[in-house]
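**Q** The structure is given below, and queries will be raised subsequently.
The values are calculated or read from the model by the stated rules, or taken from the named source; none is laboratory data. Bear in mind that the values here come from a model prediction, so they are computed numbers and not experimental data. Virtual Cβ from ideal backbone geometry, glycine too; neighbours counted across all protein chains shown. SASA here: full protein model, heavy atoms, side chains in, ligands and nucleic acids out. Shrake-Rupley method; radii C 1.70, N 1.55, O 1.52, S 1.80 Å.
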Amino acid sequence: MNYTFDFSPVLAAWPTLLEGVIGTLRMSSLSMVFGLSLGIVFMLMRLSNQKVLRIIAIGYIELIRNTPILVQVFFVFFGMPAIGIRLSGEQAAILAMTLNCAAYAAEIVRGGVQSIRPGQIEAGRALGMHTADIYRFIVFRPAIRAVYPALCSQFILMMLNSSLVSSVSAEELTYFAQTLDSQTFRSFEIYLTLGVIYLVLSQFFSAALSMIGRVYFSYPAK
Amino acid sequence: MIRQFGWGEFVFLLEGARWTIVLSLLAFTVGGALGLAVALGRTSKWKILRVLMATYIQIFQGTPLLVQLFFVYFGLPMLGMKVDVWVALTIGLSLHTSAFLGEIWRGSIQAVPDGQSEAARALGIGYVHRMVDVVLPQAFRIGLPATISFLVNLIKGTALAALLGLTELTRSGQLMANITFQPLQVYGAVALIYFFICLPLTYCSARIERRLHAVR
């Protein structure tokens, strides 16, 4: 092996990589927020009394969960212009990741909501609370508390998955790394560094999010 | 003359799907064998082995699969190792699989009640027999649903092979979309093919999981 490691071109490009990190975090957090909101809608449809709504929700969730996210990204980025909706790489990426996240979030939150005992809801009703209030105070808070760790791993997963939207030229970390690779040909160093950055990001967020969870969802409930 | 997306084009996609399945099975087999080693290392009595395997799992679970594949495919040739795209994908996907299955199976091994291996030890059964005849068969049952859902994830993960230029299902879709200029139909068809490969597995996994819970 007569290869000399040279990390200097990678280290010299730190402003670009930082921009990439910001892009990655921006896209994954936006998709997480939108995805979670849409996911809650699908979850409510999934648990509704109307059979049609239930079937639509189940169909959507299963369709998304059984197809690769890369194909979903391609479908949105290349397919949408065919029906007249033109999206930039980043918009397509956020839309695709939101649609993807919604399906997973719906299933996660459903697990939480179904863990609430019916007696709790009946107690709320007996106290004369509105349905909206029952959902807000009795169902959602404890439900989110129960599934908070799963939602956190979903966020980490989104962050890691966002690497593949580089293929539709959305400007995130992997995209910049690939550009750097084609400029410097230091593939080994670049992808090693890239891996380390993702590892640090995922470790950091998993620690930070669990800390936030401990404070925000601490017993006794605030 | 632009080609229309018709039956012949759909068959082209199906031929791509064949490589998706071959690649998934290859990675699942090799990765499964490695994964068993990882799981046994993770539950071993030697601390150093446990820490080593935990780090290994952490590295693969904490970085994107795409970066792992890029590293193997573009990074290793720099060190003078010539890797063909099939070899690179098999190595990359197998390592990825071994880390995830290792973690799933660690959980299943630990979920087998301690009394089982204690009883085996009391009967003087050695490590190999204790694992092969007592612990692993029970762990297999517990870990089956999660293993199948991981297989679904792996099949979906092989779509990334398209970005390295292997003509599997997604890459066939890309080619077809470029020829026919009907990306909506083509990617829709690609998604449907994935859906019909993965859905039976997902269904199977959910069924087994329900049955396991019913027993307990």
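**Q** Just give me the residues in the stretch A:1-46 being among the polar types (S, T, N, Q), within 14 Å of chain B (Cβ to nearest Cβ) and open to solvent by less than 40 Å² (accessible area, probe 1.4 Å), in sequence order.
**A** Matches in the stretch A:1-46: A:T24, A:S28.
**Q** Could you grab me the full set of residues in the stretch B:92-117 that are over 30 Å from B:L65 (Cα atoms) and open to solvent by less than 30 Å² (accessible area, probe 1.4 Å)?
**A** B:V112, B:S117
**Q** In the stretch B:21-48, which residues are of a type in the set (S, T, Y) and modelled with pLDDT of 95 or more?
**A** Result: B:S24, B:T29.
**Q** Return the residues of the stretch A:136-194 that are among the charged types (D, E, K, R) and within 24 Å of B:L160 (Cα to Cα); say none if nothing qualifies.
**A** Passing the criteria: A:E171, A:E172, A:D181, A:R186, A:E189.
**Q** Something else: Checking the condition open to solvent by less than 50 Å² (accessible area, probe 1.4 Å), under 19 Å from A:A92 (Cα atoms) and not charged (D, E, K, R), which residue from B:L184, B:L212 passes?
**A** None of the others qualify; the one that does is B:L184.
**Q** Exactly one of (1) closer than 23 Å to B:Q174 by Cα; (2) away from every other protein chain (no Cβ under 13 Å); (3) part of a helix (DSSP H, G or I) is unmet by B:L40. Its number?
**A** (1)
**Q** If I ask for residues that are more than 18 Å from B:T97 (Cβ to Cβ), within 7 Å of another protein chain (Cβ to nearest Cβ) and assigned to a helix (DSSP H, G or I), which ones from the stretch B:57-86 would you list?
**A** Listed by number, the residues that qualify are B:F74, B:G75, B:M78, B:L79.
**Q** State which residue is farthest from the other protein chains (Cβ to nearest Cβ) when the search covers only the stretch A:79-106 and only residues that are surrounded by fewer than 19 Cβ atoms within 10 Å (Cβ to Cβ) and farther than 18 Å from A:E172 by Cβ.
**A** A:R86
**Q** OK, next. Identify, from the list B:A191, B:A120, B:A177, the residue that is touching a Pro at 6+ places or on another chain (Cβ under 7 Å), without any contact (Cβ under 8 Å) to a residue 24 or more places away in the chain and open to solvent by less than 30 Å² (accessible area, probe 1.4 Å).
**A** The conditions single out B:A177.
**Q** Checking B:G62 against (1) crowded, with 19+ Cβ neighbours inside 10 Å; (2) closer than 23 Å to A:F205 by Cβ; (3) touching a residue at least 24 places away in the same chain (Cβ under 8 Å), which test does it fail?
**A** That leaves (3) as the condition not met.
**Q** Taking the stretch A:93-137, which residues are outside any helix (DSSP H, G or I) and in contact (Cβ under 8 Å) with a residue 24 or more places away in the chain?
**A** A:S115, A:I116
**Q** Still on this model: Could you tell me which residue of the stretch A:58-75 is nearest to the other protein chains (Cβ to nearest Cβ), considering only residues that are of a type in the set (A, V, I, L, M) and closer than 19 Å to A:M159 by Cβ?
**A** A:L70
**Q** When you go through (1) open to solvent by 40 Å² or more (accessible area, probe 1.4 Å); (2) in a helix (DSSP H, G or I) one by one for B:I125, which number turns out not to apply?
**A** (2)
**Q** Report those helices (runs of 4 or more DSSP H) wholly inside the stretch A:138-216 carrying at least 3 residues which are open to solvent by 20 Å² or more (accessible area, probe 1.4 Å) and among the small types (G, A, S).
**A** A:141-161, A:187-216
**Q** Of the residues A:F185, A:F217, A:F204, A:F140, which single one is within 14 Å of another protein chain (Cβ to nearest Cβ) and either of a type in the set (A, V, I, L, M) or within 23 Å of the chain's Cα centre (by Cα) (or both)?
**A** After ruling out the rest, the residue left standing is A:F204.
**Q** Can you name the number of the only condition in (1) free of Cβ contacts under 8 Å to residues at least 60 places away in the same chain; (2) within 14 Å of chain A (Cβ to nearest Cβ); (3) open to solvent by 50 Å² or more (accessible area, probe 1.4 Å) that B:Q138 fails?
**A** (2)
**Q** From the list A:F77, A:F42, exactly one residue is part of a helix (DSSP H, G or I) and in contact with a Gly (Cβ under 8 Å, 6 or more places away or on another chain). Which is it?
**A** Unique residue meeting the criteria: A:F77.
**Q** Sticking with this structure for a sec: Looking at the stretch B:11-37, which of its residues are among the aliphatic types (A, V, I, L, M) and open to solvent by 10 Å² or more (accessible area, probe 1.4 Å)?
**A** Residues satisfying the conditions are B:V11, B:L14, B:I21, B:V22, B:L25, B:L26, B:V30, B:A33, B:L34, B:L36, B:A37.
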